[in-house]
Structure formats: structure tokens, C-alpha cells
Amino acid sequence: MWQLSDVCLTHPKAPHDVLSSVSLNIDDGEQLVILGASGAGKSTLLRCFAGDLAPRSGTFLRDGHDVYGGNVRSYQRDVAIIRQTGDPVPRLSARVNILVAVANQWHLGDLARILMRQPVRFDAAVTALAVEHGVKHLLDIKVEQLSGGERQRVALLQALLRQPQLILADEPTTGLDPATATAALQALRSIAGVTLVVATHDLRVATTFERMIALKHGRVVHDGAPLASDALRDLYATDVLE
């Protein structure tokens, strides 16, 4: 379980708290969506869950242990982040981009073998994931030649190769057409046994989740079943979308 208790959080560029008195419990294997307009605190909340930004006050626990009071790097090994663009490394193939996700596990000589297109010990896992998600044919293609949806699939395999306990997806369908966005979301949600937290403005995405957390001005204003359309309008009524 991940547990935030009365968390207040700021960052150097903010003159005031970005999150105020946020309390949440997330169970292992749960899938949920975080909704809110620009400045609501979605990305800041994801950074807290990622182990990148410590609360100013309050506590963030993983299975009863204080994340920021212990070995944060150890915690981060179990967390994978999927961002809007997928963060591809240009001029490298999809295979190499996927392997970069486990660069901290490379042995001496792994980098040379990868750049020389020679087999490495992670290849079997990469191929198995690519086959499972129907993208084996993309592995040897340079990432700049891939479509937005294909790059998102590569980002998903990057995340899965790390065998995370928690996947944080920040606007994973931005820039994708409806059909591609649906396929990308289905791929994310098909992963068994991994906790999934998606932050989005896409209401088509948000309303497919059984649990919706809505943020406004840094506070949780809703935590439960998807909001009705009128409540969603109120959520964005005085805000500007990112």
C-alpha cells in the first residue's frame, strides 16, 4: 500500500504549496486516474509518488515505511514513469531505447555490445514483452521513425522491463488519435499485478477508471467513482487546461 497522510508539498519554482493536506491510500494492483486542470497539482503528486519530490510536511509511506526517510533509490527501482513523449533517445532503435530502461543493471561491456548490435542478456525479456504487446516488428526501427502510438508502446515496454510495482503515466494519450489512444490505454490497463496511476486531461480516458481522484488548487476535491459530467465541468470551470 502507498499512503499519503496530510501531505503538503512545494518545489523551488512555486511561492506556495502546490499540494495542501493531501491524504490518499492506494492498494497494490489498483488502477486509478488523477484529474485536474493546469496548476491543480497532478504532476507534482506524481513526482511525490515517484520518489522525486519530498513533502514539506506530512508523510508518504510504502507498506508502512517512510519513503523519504529511508532509501529513496531502492524505492525508485520499483517505480516506472511513462511521460507524454515517451522520452525516446533519438537515432537509436526501439530495442536500444527499451534496454536503456535498465542501464543501471548493465555490466561492463554491455554498452559496447548494444551499440554494436550484439546480443545482450536482456534481449530475451525484451523480445518476450514485444511479442506479448504485438510490437516485435518495431524493435529494429529508429524511434524517430515511429508514430506517436508506437513510441508510447516502446515507453510501456521500457517500464515493464524494469518489473515495477508501480507505473505512473503522465498524460499517456496526449497527441494520439482516439483509436490509438484507446489502444495505448488498453495496453497499460492489461498489465496484471502492477499498480497503475494515470494523470490526464482526457475525459475519455478518465471516465473508464473505477476510481477517480480530482485535484483543484492543490487539494483533493473528489476520491471515488467517476464524476458526472456536470461535476467535471465544475472542476474545470475556473481553470485553463494545460
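The values are calculated or read from the model by the stated rules, or taken from the named source; none is laboratory data. Note that this is a predicted model, so its numbers are computed, not measured. Glycine also receives a Cβ, built like all others from the backbone with ideal geometry; neighbour counts cover every protein chain displayed.
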In the range 83-126, the residues that are part of a strand (DSSP E or B) and farther than 22 Å from Ala184 by Cα: none
Cβ-Cβ distance below 9 Å, separation of 6 or more or different chains: which pairs start in the range 61-75 with a residue that is part of a strand (DSSP E or B) and end on one that is of a type in the set (Asp, Glu) and surrounded by 11 or more Cβ atoms within 10 Å (Cβ to Cβ)? Arg62/Asp78
Among the residues of the range 5-18, write down those that are closer than 19 Å to Gly39 by Cβ and either in contact with a Ser or Thr (Cβ under 6 Å, 6 or more places away or on another chain) or modelled with pLDDT under 95 (or both). Cys8, Leu9, Thr10, His11, Pro12, Lys13, Ala14, Pro15, His16, Asp17, Val18
Are any residues in the range 209-230 farther than 20 Å from Ala50 by Cα and either of a type in the set (Gly, Ala, Ser) or crowded, with 17+ Cβ neighbours inside 10 Å (or both), and if so, which ones? Phe209, Lys216, His222, Gly224, Ala225, Pro226, Leu227, Ala228, Ser229
Note on the range 187-242: residues part of a helix (DSSP H, G or I) and polar (S, T, N, Q) are Ser229
Collect the residues in the range 16-32 that are closer than 22 Å to Val205 by Cα and either of a type in the set (Phe, Trp, Tyr) or in a strand (DSSP E or B) (or both), keeping them in residue-number order. Leu24, Asn25, Ile26, Gln31, Leu32
Starting from residues that are in contact (Cβ under 8 Å) with a residue 40 or more places away in the chain and surrounded by 13 or more Cβ atoms within 10 Å (Cβ to Cβ), keep the ones in the range 190-200 and report whichever is farthest from Asp63 (Cα to Cα). Thr200
Expected output for the range 10-34 (first residue under 16 Å from His222 (Cα atoms), partner hydroxyl-bearing (Ser, Thr, Tyr) and at pLDDT 95 or above, Cβ below 7 Å, 6+ apart or cross-chain) is Ser23/Ser5; Ile26/Thr195
How about the range 133-176: which of its residues are among the hydrophobic types (A, V, I, L, M, F, W, C) and in a loop (DSSP other than H, G, I, E, B)? Val135, Leu139, Ile141, Leu146, Leu176
Of (1) in contact (Cβ under 8 Å) with a residue 40 or more places away in the chain; (2) crowded, with 17+ Cβ neighbours inside 10 Å, Val89 satisfies every one except (2)
Odd one out for Ala184 among (1) closer than 21 Å to Leu46 by Cα; (2) without any contact (Cβ under 8 Å) to a residue 60 or more places away in the chain; (3) loosely packed, with under 13 Cβ neighbours inside 10 Å; (4) not charged (D, E, K, R): (3)
Sole exception among (1) at pLDDT 95 or above; (2) within 10 Å of Val7 (Cβ to Cβ) for Arg62, by number: (2)
When residues of the range 157-175 are limited to those that are out of contact with any Ser or Thr (no Cβ under 9 Å at 6 or more places or on another chain) and more than 12 Å from Arg83 (Cβ to Cβ), the one surrounded by the fewest Cβ atoms within 10 Å (Cβ to Cβ): Gln163
Yes/no for Val126 being among the β-branched types (Val, Ile, Thr) and over 27 Å from Leu46 (Cα atoms): no
Anything in the range 87-132 that is modelled with pLDDT of 85 or more and either among the β-branched types (Val, Ile, Thr) or in contact with a His (Cβ under 6 Å, 6 or more places away or on another chain) (or both)? List them, or say none. Val96, Ile98, Val126, Thr127, Val131
